[in-house]
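Read the structure below first, then the notes.
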Amino acid sequence: MTDVRHVLVLPDRDAAEVVAEELPDRFGVAEEPQLVRDALAGEDDAEDAQWLVVVEDPDSRLDPSALDELAAEHEGWLEAP
């Protein structure tokens, strides 16, 4: 079985931190999600950066549609694999 990595794209750091905090409670994620700042191409201003929440899913047990709903609650989305 291959490891699965889910990437949720959020509009700002605050939203990314909230989503990362909700993952263990809502999905039982044991491993700490990674928060990654993703500057938009050609943008130097930090205000234009998106934030990624990277979730490792070694057992492929997380429901992508539920992850997408969680991201959508914070004006984000689940990146397609």
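Among the residues of region 37-53, those that are at pLDDT 95 or above and either open to solvent by 50 Å² or more (accessible area, probe 1.4 Å) or out of contact with any Pro (no Cβ under 6 Å at 6 or more places or on another chain) (or both) comprise Trp51, Leu52.
Restricting the first member to region 56-70 and to residues that are farther than 11 Å from Phe27 by Cβ, and the second to residues that are among the basic types (Lys, Arg), the beta-carbon pairs closer than 7 Å and six or more apart or on different chains are Glu56/Arg5. Report, by residue number, each residue of region 54-65 that is assigned to a helix (DSSP H, G or I) and loosely packed, with under 12 Cβ neighbours inside 10 Å. Within region 54-65, Ser65 is the sole residue that qualifies.
Number of residues in region 1-28 that are open to solvent by less than 40 Å² (accessible area, probe 1.4 Å) and among the charged types (D, E, K, R): the value is 0. For the structure I just gave you, tell me whether Glu32 is of a type outside the set (A, V, I, L, M, F, W, C) and at pLDDT 95 or above. Here the answer is no, as Glu32 does not meet what is asked.
The values are calculated or read from the model by the stated rules, or taken from the named source; none is laboratory data. Values in this document were obtained by computation on a predicted structure and should not be read as measured data. Cβ: placed from backbone, ideal geometry, glycine included. Neighbour counts: every protein chain shown. For the accessible areas, the whole protein counts, side chains as well, though only heavy atoms, and no ligand, DNA or RNA atoms are used. Shrake-Rupley method; radii C 1.70, N 1.55, O 1.52, S 1.80 Å.
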